[in-house]
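Encoded as structure tokens, the structure appears first; notes follow it.
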Amino acid sequence: MDPSNDTAQTWTIPDSMMNGRMCGKTFSLGSIMLFPQQEHTNYTDMASESGAQRTVKMYQLEPSSWLWGRQARKLINESVGTFLSLQTAITEAEPDRHNAVLVKKCREYRSIIQACQQDTKNLQQANENEKQNGKEPSTQEDLIILQDILYKMELILSLVELLFIDTMSDGHLLNQLVKWIQLHFPQHERKKGVVLESDRPHLHPDYWNTVYGSVLQGKLDDARLILSNHPSADTDPFLSIDELLRKMPFFQVYGGVSVGDFEARWQHWQSECERRLEEGHFASSHNLQAICKILCGDLETISKLMNLMDTWYHLMVSTLLFTKPTVKLFHLSNASQDAILRMQDQQVITALDHVLLAAMEADMYQVIKECQQVMDNPWFTTHLTDLLYHTVQHKGKHQVLPPLREYLLLDYAEMLAGHSSLWQVALLYLDHCGPRGMAMAQEALQRLPITSDSCAQKIIQMASEREFEGVVVSVCRVMGRRALSQGRLGAAIWWGMRSKDAAFTSHVAHQILHKYMSDGHFESSTLLDHLGPAMLLSDTLTFLGKYREFHVMYQEGRYEEAAALLVSLISSKLAPEYFWPVLLLDALPLLKAKEPVISSEQTYELMYILDTLTNTTRDKDQTKNEAAHVSFLDKEKEIRVALTHNLAQAIIHEGTVEN
Amino acid sequence: MAGSKLRRYVGQKVSVVRWRPPATHYGDTDTFLTGTWNDPENTVGVWRTPESDDDPVPISSLPHQGDVSDIQYVTRDSFMVGSSTGGVRLYRHSAEGDLEAVNCWDKVHAFTTGPAPCTSLACSGEQIASVGEDGKLVIINPNQKKPARVLEGVGGCSLYAVMFVRTHEVLTSSMQGHLKLWDLRASQTAKGLLFSPDQVAVCNLAGHPTQQHLVAAGGEDGTLALWDMRNTAHPFTIIAAHNGPVCQVQFHPVAPEHLFTCGMDGQLLHWDASASAKPSHLSYKGTQDLSGGSVTVWLGSEVSRGATDTTCILQSPLPINSLDVEGATLIAGSDNEAIYVLGQLLKKRIDDMVY
């Protein structure tokens, strides 16, 4: 990043502690944590400084955008639904149905934006009514800004729909362009209502402007309605203009009339208008003359009424309506340049205009590029690119659009993943981004803060759906470690077993054994009693389960089975070394039983173990403080006596049986 | 059964939805509560569904500390909210439609190192049971400042669901898949049950409205188990229901042959066992026992064979966290930041019932 870059933005942290020693660290996805770096001070100075100690604050910076506002946030979830259904619908539909699907989805996006516009407008009006309640002016401002953004998005999207996506009209765009203008410039509709409701409409100051406006927007029926309210509506000039307005031909794609025929008719109609104008039918009223001139396509008259059409695209469409009704897409670029030239004194070209111009030039990449510069976050651009990608995909010619779409999707998903709440939506998008999306999804899932068990389960659920085994193991380990640090060994084992994590489960099992050695009782006996096949996950866990079984058997009085189990546990070396003293101590009461429950073979095993143990402890001498070990040393002699005694008894017993 | 389906996006992830109890026993209710989670500013909101098939309208809301983990009504006007900060609060609907806080019990659930989330609440009369991730079952009386009783679990495993089987018996389910029946009069475990041998966590419990011994449990592997509490050796049936953990299970309060489950795979399923219901021989008008005879259909042989009519009535790309059904309308809240209102669910059944 070039330090002399003009477009870089600077924010200042209003905290005096930060002066000169601010340090920052990025964490999560896009957040920065700022803190003042503490200088090294000698300890002698600390005492004097402690009186002037100030609180040290850490600042967390997060990128914010208009999309996170309460109203705009609904756009995110609504649009993800449309996005997903678009992907599935395209893959399932036959190639000739693609267009219908795309148009439908485009209209869904538009209706989402329109619904948001409506909500925001309602909210704004409600706030206006409650102004006395002291609503902050900033929320009103935010709402106005939001409405502005939404209006622009809807404008661009509807234009893109009719120019690129909706190809039903076979390239004859005029009707749709006229509808587009009518939809986005509703002021004449409103004025018409006002004018017609007033007592004497023809004396209303806006009367003629409304008529002109309606004609320019192609709403000829409205114009006729307003004109009929004029007191001299049944005089010749009015009747004449009424007839002309009524007879204007409009091209219908499936109307059964060919293009050539329509052109002929239209020419005929326009020459009729010109004839009547020349013959002086409207000499009495210059207003009616102006209307007729508009109908004849007189550019000067239309240009004079520029104040009724706020923008160049309105001017362009109105001009085309009366000069070239069979306009096609490739005419638009000239027409738009023309309109801009004619209007250049009255307006400044904005970024929005650049986008619309690019659309008129039929340059998709330019449209996307301009959109990226207008909007400060990729929501609109991403969905627009996705629509355009699917529109041209089956043609197979474009090289740039697929990677561009993927890049934009990744960008948008990354922005969502950094939000504390919208990470799930981000994953839904990343599913459609190819291998890079998969990689990012795994990284994002592992960096989410886990606040509770249900949150962990949701992360695990999303990871398992996408077969990210590594993420599942990692999340379970985090939860297990957390449980361990809280002393909840049972929960820790459960998390270990959930992800079939042998290493971690062994670790926890060792912890449980140590705890048993120091406390003398098992903490999570119910869990260990019912381990079932999960016991085989790790050796230590198996040992733990079997040891619990031994306890249970002993308590139930099944001494022989218990003894057999105990010896098998010892001899199979399943038990960890530090636990052997405990096992030998457990064997002590069995050795002292009246009837020999431990056979001679088993006694030899026990003696071997005892010897190994005493040798190693003599050498190492480490675990002196463990309670079990201490008691073991005390009882070592007793165990030896018991072992030899048992050996003698067992040999006798076995010898007798043979005979 | 066709019905109206409405979806309204609310801009926050919805973790709990609850109908307000109707004014009369067979009346209708049009107000419900929502609780949100995972947002910097979580709220408890009051909504109303208008008479026509329009979107639900927000009436008021109250900010909430931490995530909302459960909401249960104590009386018609007051309800308890459990939070992920380990506290439980009592609120009340005021006359103007707002919410006001009445009482709060903080740090009801805590680990040794910090607060533990409260996971579920249940109410019976004047007693409120609360369970949390610290493995404790806490009994609270709404009029007292401190919890009445604290029953510790062993092993430190989180408890995920709680329900009252009778007024003095509470059933809790844990992350290890153990269902424990506590007798509050005796202060020790009455019985312990095991959900399945594979240590599957049990995420939610639901009680049959009329047959108290029948309990439905939803597990973390997506299975639905039906337990007969009189025979607790093993569950009566285990049905593979969802592709992910089951978030909530609920019997329809008036037509209990209908069971609803919702899960983290984004599906809401409707289990209809009325086809195998035996005809009731007490069919005169005015009877309250509408579940068809003395043997409930859920414990019949057809259900164990899997002969229920299952329909997926909702599909969302993200988990559906909660559902509540009252009368003929079902509401659900999902992580898709949407509230769903499904009307005229059981059209045929409701018409059959005559009051």
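The values are calculated or read from the model by the stated rules, or taken from the named source; none is laboratory data. If you're wondering where the values come from, they're calculated on a predicted model, not measured in any experiment. Glycine also receives a Cβ, built like all others from the backbone with ideal geometry; neighbour counts cover every protein chain displayed. Heavy atoms of the whole protein, side chains included, go into the accessibility calculation; ligands, DNA and RNA do not. Shrake-Rupley method; radii C 1.70, N 1.55, O 1.52, S 1.80 Å.
Roughly to the nearest percent, how much of the accessible area of the range B:4-351 is carbon and sulfur, given a 1.4 Å probe?
48 percent
Distance cut-off 20 Å, Cα to Cα: go down the list A:LYS121/A:LYS152; A:LYS179/A:LYS328; A:LYS104/A:LYS324; A:LYS247/A:LYS328; A:LYS219/A:LYS293 and report the pairs above it. Mind dumping the intermediate values first?
Details: A:LYS121/A:LYS152 15 Å; A:LYS179/A:LYS328 16 Å; A:LYS104/A:LYS324 29 Å; A:LYS247/A:LYS328 23 Å; A:LYS219/A:LYS293 16 Å.
Flagged as over cut-off: A:LYS104/A:LYS324; A:LYS247/A:LYS328.
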Worksheet entry | Positive-end residue of A:GLN270, A:ASN229, A:ILE349, charge dipole of the range A:208-351 with Cβ unit charges | A:ILE349
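Would you please give the FRET efficiency between B:ASN103 and B:SER60, computed as 1/(1 + (r/R0)^6) with r the Cβ-Cβ distance and R0 = 22 Å, to the nearest 0.05?
Numbers: r = 19 Å, r/R0 = 0.88.
That pair, B:ASN103 with B:SER60, gives E of 0.70.
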Worksheet, complete the sentence: In degrees rounded to 10, the 0-90 angle between helix A:98-129 Cα long axis and the longest Cα principal axis of chain A is 90 degrees
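Translational diffusion coefficient of the range A:508-590 at 37 °C, 0.692 mPa s, Stokes-Einstein with Kirkwood Rh over Cα pairs, in µm²/s as a whole number. Can you show the working numbers first?
Values: Rh = 12.9 Å.
Answer from the Stokes-Einstein relation: 255 µm²/s.
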Worksheet item: Counting each DSSP H run of 4 or more residues in chain A as -39500 (n - 2.57), what helix-only mean residue ellipticity at 222 nm follows after dividing by all residues, to the nearest 500 deg cm²/dmol?
Response: -21000 deg cm²/dmol
Discussion item. Helix-only estimate, please: 222 nm mean residue ellipticity of chain B, summing -39500 (n - 2.57) across DSSP H runs of length 4 or more and dividing by its residues, to the nearest 500.
Written reply: -500 deg cm²/dmol
Discussion item. For the range B:4-351, take N as its residue count and report Rg(C-alpha) divided by 2.2 N^0.38 Å.
Written reply: 0.94
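Nearest 20 debye, what's the magnitude of the dipole of the range A:162-289 about its Cα centre given +1 on Lys and Arg Cβ and -1 on Asp and Glu Cβ? Could you put the intermediate results ahead of the total?
Details: 12 positive and 18 negative charges, 57 e Å.
Here the size comes out at about 280 debye.
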Response to the item:
In nm, the gap between the two label points placed 7 Å beyond Cα toward Cβ at B:SER304 and A:ASN129 is 6.1 nm
Worksheet item: Straight-line reach from B:LYS145: which aspartates and glutamates have Cα under 17 Å away, leaving out those fewer than 8 places along the same chain?
Response: B:ASP106, B:GLU126
Response to the item:
Under 5 Å from the placed amide H of B:GLY135, counting only residues 5+ away or on other chains, we find B:LEU159
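Under a Cβ-only charge scheme (Lys and Arg +1, Asp and Glu -1), can you give me the dipole magnitude of the range B:66-223 about the Cα centre, in debye to the nearest 20?
So the dipole magnitude of the range B:66-223 works out to roughly 560 debye.
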Worksheet item: For the pair A and B, how large is the buried accessible area, both sides, in square angstrom to the nearest 100, if the probe is 1.4 Å?
Response: 3500 Å²
Worksheet entry | Debye, to nearest 20: dipole size of the protein assembly as shown, +1 on Lys, Arg Cβ, -1 on Asp, Glu Cβ | 1120 debye
Discussion item. Taking all protein chains in place and a 1.4 Å probe, what share, in percent, of the accessible surface of chain A do carbon and sulfur account for?
Written reply: 52 percent
Fill in: Residues along the range A:439-460 losing 20 Å² or more of accessible surface when the other protein chains are present rather than the chain by itself (probe 1.4 Å)
A:THR451, A:SER452, A:ASP453, A:CYS455, A:GLN457, A:LYS458
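Over the range B:4-351, average the accessible area per residue using a 1.4 Å probe and give it in Å², no decimals. Walk me through the intermediate numbers first.
Details: 13440 Å² over 348 residues.
On a per-residue basis, the range B:4-351 sits at 39 Å².
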Worksheet item: From the residues A:LEU537, B:ALA101, A:ALA587, which one has its Cα farthest along the dipole of the protein assembly as shown in the positive direction, the dipole being from +1 and -1 charges on Cβ of Lys/Arg and Asp/Glu about the Cα centre?
Response: A:ALA587
Response to the item:
Share (percent) of C-alpha pair distances in the protein assembly as shown greater than 43 Å works out to 54 percent
Fill in: Neighbour count of at most 11 Cβ within 10 Å plus DSSP loop: longest chymotrypsin sites (Phe, Trp or Tyr not before Pro)-free window in chain A
A:255-659
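Which pairs, out of A:LYS594/A:LYS637; A:LYS546/A:LYS592; A:LYS191/B:LYS5; A:LYS192/A:LYS369, put more than 29 Å between their alpha-carbon atoms? Numbers along the way, then the final one.
Values: A:LYS594/A:LYS637 20 Å; A:LYS546/A:LYS592 23 Å; A:LYS191/B:LYS5 39 Å; A:LYS192/A:LYS369 39 Å.
A:LYS191/B:LYS5; A:LYS192/A:LYS369, as the Cα separations exceed 29 Å there.
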Item to complete: Only counting protein heavy atoms at a 1.4 Å probe, give the residues of the range A:59-107, ordered by number, whose accessible area falls by 30 Å² or more when the other protein chains are present relative to the chain alone.
Response: A:ARG70, A:ARG73, A:LYS74, A:ASN77, A:GLU78
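Starting from 0.36 nm per residue, how many nanometres of slack lie between A:ASP15 and A:LEU61 once their C-alpha separation is accounted for?
On the way: separation 46, 0.36 × 46 = 16.56 nm, distance 1.42 nm.
Taking 0.36 nm per residue and subtracting the Cα distance, the gain is 15.1 nm.
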